[in-house]
Each structure stands twice: as C-alpha cells, then as structure tokens.
Amino acid sequence: MEIVTKRYNVMLFIFTIILGVLVGVSSGLLGILLNLVEKIFLNYNEVARYPAPVNGIPIFRLYSVAVGGIISAIIWWIIREKYKKPISINQALSGDKMPFISTLIHVITQIFYVGTGGSIGRELAPREAGTLIAQSVENRIRKLNILKLELADRQLLLAAAAGAGFSGVYLAPITGALFSVELLLKKFTFRTVSISLLMTSVSMLIGGMFKGFKPYYIVNHTTFSGAGIIIVLAFAPLMGIMGGLFRLMFQSAAKHKATGYNILWMLPLVSIATGIIAIYFPEIMGNGRSLMQLSVFSESHNMIVILFIGLILKMIVTLLTIRAGASGGTLTPSIAIGGSLGAIIGLICSGSFMPSISVDQMAILGAVTFLAASQQAPLMAIFMLIEITHIGYSWLLPMLLGVLVSLFFSRLLLKYKR
C-alpha cells in the first residue's frame, strides 16, 4: 500500500510539472496573440512604460474597438447559441467537461477583444486555457490507464492549472497559487499549496521565456516610507466600500449578461461607446494597465480631475462590457480603478498636510485595498501587487493593514446587501 501511494505521488508530481510547462506555453502564446492584435488594429507595441496607444490617429482607436466588438459578438453568439457553450472553471472543478473547440475559440476571442481595445480584464482567458489543458491531459492519462486521479487531486490539478495560466502571463507564481487555493479550492493544506505553487512556478518560468521577466507595472519608489501608513488606514474604509460596491455591480452585470441575439447589438454598441471615449482618453481601453500606469506616474495636481474622470469611465465601460455579453476578468480593471482613486488621494495629501507622501505609493495601496475588497481575496491581492510591480517587502506591513481594514468594511457592506 505504501509503495502504491508513493508511486501515485511521484506520478502526480511529474504531471504537475508537465502541466506547468504546457500551461506556460499556452500563456506565452496568448501573450503573442495579444501583441499581434494590438499591432494590427492599433499599430502599437504595448510595454509597461507606454501601455496605451496614445501616438496613433485617434479615430483609429474607435475603429479598432468597434470592429473588435462586432467580430467578438458574432463569435460569442455562434459558440454560445449554435455550438457547445463554454463552461466556467468552477463548473469544470465540479466535474463538467469543457468543450475543447468552443473553449479554445472562447479564450482566443477574449484576448482578441481586449487587444482591439475592449474594456475587460485579460486574465480569465489564460486561466480557462490552463484548466482546459489540465482537463484534457487528465482525461488522456485516465484513458491510457497511466494514472487514475482521486477526485480531490483532479480538482487540485484543474485549479492549479487555472492559477498557472495567470502566472504564465503576469509572472506571478505566488498570486497564481493563492488564486487556486484561496478562490477556487478554498482549502489551505500542504498538498494544495505545494502542488499549486510548483505548477505556477514552472508556468512562470516558461511564460517568462516568451516575454522576459520585467515588471507589469513600473513604480518609481520600490521601497515604502512609513509616512503613508496613517493615510492608508484612513482611506482603506473608502476602498473597502468602493471595492465592495464594484463587486456587487460586476456580479449583477454578469448575472444579467446579454444572451441570444442581444449580444449582437449590445456588445458592438458598448464597443462603439468605448471607442468614442478612447478618442479623447485612450487609457480607457484594454484591461486597465494603461490607466493604472497613468495613476502611478501622476505628479501634477491637474491630474486629479483627469484620474477621477478616468476611474468613473473605466468602471462604467467595464460594467457595460460585461453586461453586453463579453467574457473576461475583473482583476486588472479593479487595480486600475483602485489605483486611480489612491493616486487622487495621494495628490491631495501631497499638496496639503503631508507633502512627503509619494503618489505612486498611494496608487499601489489604493489598488491593493480596492482589489482585496472587490475580489474578497486578501492574500492574493497583496502578493499580486508585490509580484507584478517588483516592489520590496517593506510594503508588506502597510498593505496588510490596509487590506484588513478594507476587507472589514467591504464585508460589512456585502453582508448588509444580502
């Protein structure tokens, strides 16, 4: 019996590494696809310092997202109404089979729509791709009688592969592992953490070979000054309430998502509206990376109004995009909205009673407290901002304090709304 158990665990370890490699490759390929779409439709190469297509002809931004919305709406309508409808990651964890072709098309369409400028997170696509790969591999090894996974380990590999998909894109293995165990499995054990972290680490290494190991967001101050702790404790309740409200709104938008023929007119209409805004405010496009980077780089008090308009518009167009039938994530839009609000507070404070405060620090703290509240995942939020910005662990204390306060107020709100 002990020999059988040891062989089982060795095989599980081997397949964890294999899946990490496969998911890392898929994440790298999705990144290449995104860059290709951006180059064709918007004629720009996205990098951390210049994440928005600001140098192109403004009207082309409208054309891009409008055409992207029309094409994506048609594709989603076909695979949802005329073919095998894609299922969610949670449904796959429950035992439902992900239809391979329609899920693959679904994943590619998400990346395509974000690449043309659609206002939605891109992180759902690599997570779904990872889960699809893990389920396909698990089915194959079971049919070949190589290894019959126990139900708990089957769910663990699928959840770990979803986190590995995220890690392969954002080069954030701890975040990917926490996504698996904190949000999907909701089970912290040595087995769940070790398998998830192993797979996400392998995926990160493979994904980094495609795009390099540079930070996703550039931050001027990578070490934290203690002066901001007082402010983060003061604005964390606001972030908790705002993040909780955003969570309620995007859940409602997803619940009432356009179905049937409605997506054929709603998504193009929302895309046109996004494109019109993007003529004047290109940072509204995509998953929110450009708006967050704008917030981090803001130094003039003239940016307060611009950032406020940006965060309101980003929230509205993202919610409308979800309501209109698009599929995608809410992690990076949450970071953009919270980062903008944090930068606004930083700009206000830096010009009055705390001139030494760093605006980019407040943007990061705003992002992490808002993200924790909107996703109800405190550990994932903290390590995500650390990993994608390459900031030092001197940030850990203010992040922990801010997230705890933010989470407390968001849960009060969510409990009241129930």
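The spacing between segment 119-166 and segment 170-189, judged by their C-alpha centroids, is 14 Å. By the Cα gyration tensor, segment 36-83 has an equivalent ellipsoid whose semi-axes, rounded to whole angstrom, run 27, 12, 7 from largest to smallest. The loop-placed chymotrypsin sites (Phe, Trp or Tyr not before Pro) in segment 236-333, going by DSSP, that have at most 14 neighbouring Cβ atoms within 10 Å of their Cβ come out as 261. Suppose we look only past 16 Å in the calculated P(r) of segment 244-300. What percent of the Cα-Cα pairs does that tail hold? More than 16 Å apart: 63 percent of the Cα pairs in segment 244-300.
Shape analysis of segment 131-205 yields a ratio of the Cα radius of gyration to the Kirkwood radius, Rg/Rh, of 0.98. Computed on the Cα trace of segment 1-98, the radius of gyration divided by the Kirkwood hydrodynamic radius gives Rg/Rh = 1.18. Computed with a 1.4 Å probe on the full set of protein chains, the accessible area for residue 301 sits at about 90 Å².
Shown is the FRET efficiency for residue 305 and residue 90, computed with R0 = 45 Å from the Cβ-Cβ distance and rounded to the nearest 0.05: 0.65.
About its Cα centre, the dipole of the chain is roughly 1180 debye, where the only charges are +1 on Lys and Arg Cβ and -1 on Asp and Glu Cβ.
In the chain, a dipole from Cβ-located charges (positive for Lys and Arg, negative for Asp and Glu) runs towards its positive end, and of 409, 19, 359 it is 19 whose Cα lies farthest in that direction. Placing unit charges on the Cβ atoms only, positive for Lys and Arg and negative for Asp and Glu, gives segment 46-125 a dipole magnitude near 120 debye about its Cα centre. Each peptide in 367-376, 397-406 gets a packing score, the mean of other Cβ atoms within 10 Å over its residues, and the list from highest to lowest is 367-376, 397-406. Can you give the local net charge around residue 263? Use residues other than it whose beta-carbon is closer than 13 angstrom to its beta-carbon, Lys and Arg +1, Asp and Glu -1. Local charge sum for residue 263: +4. Take residue 59: with every protein chain present and a 1.4 Å probe, its accessible area is about 60 Å².
Cross-link check: pairs 85/255; 39/211; 97/148; 84/187; 6/186; 148/186 evaluated at a Cα-Cα cut-off of 20 Å; pairs beyond the cut-off: 84/187; 6/186; 148/186. Each residue was assigned an accessible area with a 1.4 Å probe, and for residue 150 the value is about 110 Å². Less than 5 angstrom separates the built amide H of residue 117 from those of 286, all sequence-distant by 5 or more or on a different chain. Each residue of segment 202-208 is assigned a 3J(HN,Hα), and the resulting list reads 4, 4, 4, 5, 5, x, x Hz, derived from the Karplus form 6.51 cos²θ - 1.76 cosθ + 1.60 (θ = phi - 60°), x at Gly and Pro.
Accessible surface calculations at 1.4 Å, restricted to protein heavy atoms, place segment 291-404 at 28 Å² per residue. Considered as an equivalent ellipsoid built on the Cα gyration tensor, segment 92-148 has semi-axes of 28, 10, 9 Å, the largest given first. For segment 193-215 and segment 223-294, compute the distance between their C-alpha centroids and round to whole Å. So the two Cα centres are separated by 27 Å. Percent of C-alpha pairs per 10 Å bin in segment 82-185, short distances first: 16, 45, 33, 6, 1. Using 0.36 nm per residue and subtracting the Cα-Cα separation, the extra length available between residue 390 and residue 54 on full extension is 118.4 nm. The phi-based Karplus calculation (6.51 cos²θ - 1.76 cosθ + 1.60; θ = phi - 60°) puts the 3J(HN,Hα) values of segment 60-68 at 5, 5, 5, 4, 4, 6, 5, 5, x Hz, whole numbers, x for Gly and Pro.
The P(r) of segment 242-386 has a tail past 26 Å containing 26 percent of all C-alpha pairs. Each principal axis of the Cα atoms in segment 287-360 has its own extent, and those three values, largest first, are 45, 18, 16 angstrom.
The values are calculated or read from the model by the stated rules, or taken from the named source; none is laboratory data. Bear in mind the structure is a predicted one, so any value in this text is a computation, not a measurement. All Cβ positions, even for glycine, are placed from backbone atoms using ideal geometry, and neighbour counts span all protein chains on display. The accessibility values were calculated without ligands, DNA or RNA, using every heavy atom of the protein model including side chains. Shrake-Rupley method; radii C 1.70, N 1.55, O 1.52, S 1.80 Å.
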